[in-house]
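Below is one structure, written out as structure tokens, with a few remarks after it.
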Amino acid sequence: MQAKFIQAHFFMRLITIILLVCLLVQTVVFHVHAQEKYTLSGYVRDSKSGETLIGVNIAVKGTAIGTTTNPYGFYSLTLPKGTYQIVYSFIGYQQVVKTIDLSTNQRQDIELSEENIELQEVVVTAEAADAAVKSMEMSVNRLDIKTIQRIPAFLGEVDVIRSIQLLPGVSTVGEGATGFNVRGGSIDQNLVLIDEAPVYNSAHLFGFFSVFNPDAVKDVKLIKGGIPSPYGGRLSSILDVRTKEGNNRRFAMQGGIGAIFSRLTLEAPIVKDKASFIVAGRRSYIDILAKPFLNNDLRNSRFYFYDLTAKVNWKANDRNNFYLSSYFGRDVFGSGFDFNWGNATTTFRWNHLYSDRLFMNLTAFYSNYDYLLGFRDSGVQGSRFDWRSNIINYSIKPDLTYYLNANNTLKFGLQSILYDFRPGKAIITSADRTSDISLDSKYALESALYIDNEQKLSERVSVQYGLRYSMFNYMGRGEAFTFGEAPPNTRRVPIETRTYGQFETIQRYANFEPRFAINWGLSPTSSLKASYNRMAQYIHLVSNTAASTPLDIWTPSTNNIRPQLADQIAIGYFRNLKDNMWETSVEVYYKTMQNQLDYIDNADLLLNRFIEGDLVQGIGRAYGAEFYIRKTRGQLTGWISYTLANSERKVEGINSNQWFPNRFDRRHNGNISVSYEYNKDWQFSANFVFQTGTPVTFPTGRYEVQGLIIPHNVDNSRNNVRIAPYHRLDLSVTKYNKKKKPEQRWESYWVFSVYNAYNRRNPFAIYFRQNPDVPVNTEAIRFSVVGSFVPAISYNFKY
């Protein structure tokens with residue numbers, strides 16, 4: 001074991017030395033020729049709203065030299081002295097060509113205008129037409145809000161999370177399940193960000209809607225593999241959601257009225273072209289509509305959700321931009337009890353240009369996820385139970401991008417996150433006394449340093465290599481336990497307890513996380529890509545239910561819980577056809593995971609002070625192939641995806657020490673999403689989803705005791721049966737009320753939709769019970785969350 005550790009440590013240090021040598025050589029080469037080169041830089045914005053545009057392609061005409069705008073719309077291109085034609089292109093916008101005499105460093109801020117798109121030129125992507133082939137990114141899917149709005153949705157409401165579940169490699173346990181699963185990972189292995197702040201529960205209404213208001217969303221990017229070194233903290237994926245900055249040219253408004261909730265978004269300049277704001281709110285009204293039909297016992301029932309997204313930005317000068325954004329959302333349920341949960345985030349960002357080639361973004365954020373559960377005994381005055389849990393984060397992250405030359409873009413920075421875990425503040429109150437059964441808070445500090453370089457080796461070959469060094473410090477104040485040995489799959493008991501002071505170190509962990517990707521251009525329309533990444537995850541979601549619930553708790557890595565590690569390799573072939581009208585790709589991946597959290601049989605996870613004694617850790621593996629074809633232009637647009645995958649884990653003492661499928665494993669996952677633009681007034685859309693059923697554990701025997709049937713798993717197998725396959729068809733029709741005059745600003749459209757059109761009762765879970773008529777017989781009961789088709793209508797407007 002020690003020899004393996006020394007070898008791994010040596011390997012990581014060797015990678016670090018190689019990276020530093022490569023970067024030093026590039027720096028020396030650049031400075032040798034620096035006197036002959038100048039830099040063209042600036043921002044690219046939408047001409048109507050002033051919003052910066054992400055991923056705009058900037059190319060030197062007649063060459064293979066180019067770059068793209070970063071997440072803040074900034075670009076920088078260093079070239080030898082001369083005269084160039086610079087082409088700025090972004091699908092859905094008119095191309096701009098500028099002739100630049102580059103004899104000095106120049107600042108060129110560009111505004112792109114939306115195309116007056118004719119019917120045959122309808123597009124469903126917002127990036128460079130050949131980005132899938134030429135960019136370094138693989139295992140990455142980007143959806144802009146225009147694409148998401150075309151997808152038929154539950155109750156006619158556009159939804160970010162449900163949209164990405166139609167992409168290859170992405171699945172969910174079922175309807176009503178919070179979160180999503182990526183390439184065989186659990187839901188806690190996805191880092192979900194809104195303006196760079198983490199969201200710990202991404203769903204409203206137990207998974208039917210996401211927390212992201214579509215009217216406030218600017219860009220959605222899902223990274224499943226080849227994850228660059230600036231990202232870390234989760235094993236499986238990054239979902240990076242960026243919100244709009246607010247129209248800094250004129251007042252704008254949009255919203256919608258639906259069957260279950262309504263939404264309204266306002267945006268306007270504070271100082272034209274200098275500062276603006278956006279405020280977007282949603283509120284469901286199921287409780288209001290249902291109230292007349294509820295009897296006296298349920299008259300005071302509460303069941304609704306709401307959220308508010310707000311953002312202010314200020315362009316102080318040509319070198320400084322400031323952003324302040326915030327999200328607050330909550331779900332409220334109650335009828336004789338109180339149950340609510342929600343996320344709150346605030347992000348401050350400062351963009352600063354140190355020079356034409358050095359760009360900095362400084363991010364500081366606050367994130368808080370909490371839930372409250374309370375019960376009252378109406379028969380005993382003053383008798384109640386209250387339980388509140390939180391996970392709170394504070395973070396700062398300076399991130400710098402140095403545009404070394406036309407062939408090298410260097411990124412480096414650091415991040416620190418302070419965690420405050422509050423697993424349970426629980427109070428039992430009776431008429432004459434109060435009992436506090438709360439659990440101690442836990443504290444941790446996660447820090448990381450990273451460096452990354454994207455380098456163009458030749459016209460056909462580009463590489464991206466980086467290194468992340470992460471550190472985790474589990475700290476007091478509180479108790480730490482040492483547990484004794486126990487047979488596998490049995491509870492361990494504490495044999496020693498030690499108390500630690502505030503911020504006193506209990507346990508430290510550190511990991512090197514190398515990243516590498518390569519793009520080999522086979523032709524102007526095809527490429528072969530490969531990537532490798534190691535990821536470390538220091539926080540864990542504790543849940544042994546079929547699907548995650550709002551009551552699940554997060555815990556840090558401790559002296560008893562080791563951090564999760566994952567190594568993933570991926571290889572893909574990408575090809576565009578018919579002048580980039582068709583995008584096709586095939587990717588295969590293999591991922592190994594260490595220290596996967598699992599539970600002993602009959603684990604006690606509810607307010608358990610010694611919960612670590614009920615947890616076990618094992619290894620995991622996931623592998624598969626993803627097939628994707630997408631049509632981006634024409635009357636008929638959309639995509640077809642198919643994933644063949646396997647996700648397993650192995651834990652000592654469980655399933656006879658053999659591999660068993662994860663609860664969220666789906667062998668086959670196929671999706672079809674199409675949209676047909678019949679004319680300027682009518683649009684038809686459809687989704688079809690087919691997924692292999694998820695694994696469940698069924699008893700393999702039973703005992704009969706005094707007329708009671710007791711199920712028994714004879715061979716201790718785990719997830720030994722699969723439920724029936726899941727499949728569903730969704731349909732929608734959109735009627736646009738186009739503006740009649742060019743100067744008219746009011747636009748609106750109606751959406752008529754049917755979810756689960758052919759009335760499929762997809763099983764979410766199966767449980768067993770005794771037959772009430774023949775007690776010695778047992779019967780299996782299939783539980784379906786959505787058991788019929790769901791029609792809906794919504795009205796949407798924009799001004």
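If the condition is being of a type outside the set (D, E, K, R) and either more than 33 Å from the chain's Cα centre (by Cα) or open to solvent by less than 20 Å² (accessible area, probe 1.4 Å) (or both), then the stretch 435-461 contributes 435, 437, 444, 448, 450, 453, 458.
From the list 630, 649, 609, 621, the one residue that fits, being open to solvent by 50 Å² or more (accessible area, probe 1.4 Å) and assigned to a strand (DSSP E or B), is 621.
Of all residues in the stretch 337-365, count the ones that are in a loop (DSSP other than H, G, I, E, B) and touching a Leu at 6+ places or on another chain (Cβ under 9 Å).
Qualifying residue count, the stretch 337-365: 3.
In the stretch 690-707 there is at least one residue that is surrounded by 18 or more Cβ atoms within 10 Å (Cβ to Cβ), within 17 Å of residue 163 (Cα to Cα) and not aliphatic (A, V, I, L, M). Residues being assigned to a helix (DSSP H, G or I), in contact (Cβ under 8 Å) with a residue 24 or more places away in the chain and over 20 Å from residue 138 (Cβ atoms) are represented in the stretch 216-228 by at least one member. State yes or no: is residue 180 surrounded by fewer than 21 Cβ atoms within 10 Å (Cβ to Cβ), touching a residue at least 12 places away in the same chain (Cβ under 8 Å) and hydrophobic (A, V, I, L, M, F, W, C)? Judged against the criteria, residue 180 is not a match.
Considered as a group, the residues in the stretch 480-506 that are open to solvent by 60 Å² or more (accessible area, probe 1.4 Å) and free of Cβ contacts under 8 Å to residues at least 60 places away in the same chain include one that is nearest to residue 594 (Cα to Cα), and that residue is 485. When the residues of the stretch 545-564 are narrowed to those that are open to solvent by 50 Å² or more (accessible area, probe 1.4 Å) and either among the acidic types (Asp, Glu) or within 30 Å of residue 498 (Cβ to Cβ) (or both), which ends up farthest from the chain's Cα centre (by Cα)? My answer is 559. If I ask for residues that are open to solvent by 50 Å² or more (accessible area, probe 1.4 Å) and either touching a Ser or Thr at 6+ places or on another chain (Cβ under 8 Å) or of a type in the set (A, V, I, L, M) (or both), which ones from the stretch 652-673 would you list? Of everything in the stretch 652-673, those that are open to solvent by 50 Å² or more (accessible area, probe 1.4 Å) and either touching a Ser or Thr at 6+ places or on another chain (Cβ under 8 Å) or of a type in the set (A, V, I, L, M) (or both) turn out to be 656, 667, 668, 672.
The condition (being under 28 Å from residue 343 (Cα atoms), in contact with a helix residue (DSSP H, G or I) (Cβ under 9 Å, 6 or more places away or on another chain) and either of a type in the set (Val, Ile, Thr) or touching a residue at least 24 places away in the same chain (Cβ under 8 Å) (or both)) is satisfied by just one residue among 550, 563, 556: 550.
The residue that is farthest from the chain's Cα centre (by Cα), counting only those in the stretch 203-249 that are more than 13 Å from residue 190 (Cα to Cα) and among the charged types (D, E, K, R), is 249. Tell me, please, whether a residue that is closer than 28 Å to residue 392 by Cα and crowded, with 21+ Cβ neighbours inside 10 Å can be found in the stretch 565-576. The answer is yes, given that some residue of the stretch 565-576 is closer than 28 Å to residue 392 by Cα and crowded, with 21+ Cβ neighbours inside 10 Å.
Residue 535 passes every criterion in (1) assigned to a strand (DSSP E or B); (2) open to solvent by 30 Å² or more (accessible area, probe 1.4 Å) apart from (2). Note on the stretch 577-597: among residues that are open to solvent by less than 10 Å² (accessible area, probe 1.4 Å) and not basic (Lys, Arg), the one that is nearest to residue 486 (Cα to Cα) is 596.
Condition check: in a strand (DSSP E or B) and among the aromatic types (Phe, Trp, Tyr). Does residue 516 satisfy that? So residue 516 fits the description; yes. Kindly evaluate residue 316 against the criterion of being out of contact with any Ser or Thr (no Cβ under 6 Å at 6 or more places or on another chain), more than 30 Å from residue 157 (Cα to Cα), without any contact (Cβ under 8 Å) to a residue 24 or more places away in the chain and open to solvent by less than 60 Å² (accessible area, probe 1.4 Å). Criteria met by residue 316. Filtering the stretch 402-420 to residues that are buried (at least 21 other Cβ atoms within 10 Å of the Cβ) and over 19 Å from residue 75 (Cβ atoms) leaves 415, 417, 419. Would you check if there is a residue in the stretch 383-401 being surrounded by fewer than 18 Cβ atoms within 10 Å (Cβ to Cβ), outside any strand (DSSP E or B) and small (Gly, Ala, Ser)? The answer is yes, given that some residue of the stretch 383-401 is surrounded by fewer than 18 Cβ atoms within 10 Å (Cβ to Cβ), outside any strand (DSSP E or B) and small (Gly, Ala, Ser).
The values are calculated or read from the model by the stated rules, or taken from the named source; none is laboratory data. As the structure is a computational prediction, the values presented were derived from the model and not from experiment. Glycine gets a Cβ as well: all are built from the backbone with ideal geometry, and neighbour counts include every protein chain shown. These area figures cover heavy atoms from the full protein model, side chains too; ligands, DNA and RNA do not enter into them. Shrake-Rupley method; radii C 1.70, N 1.55, O 1.52, S 1.80 Å.
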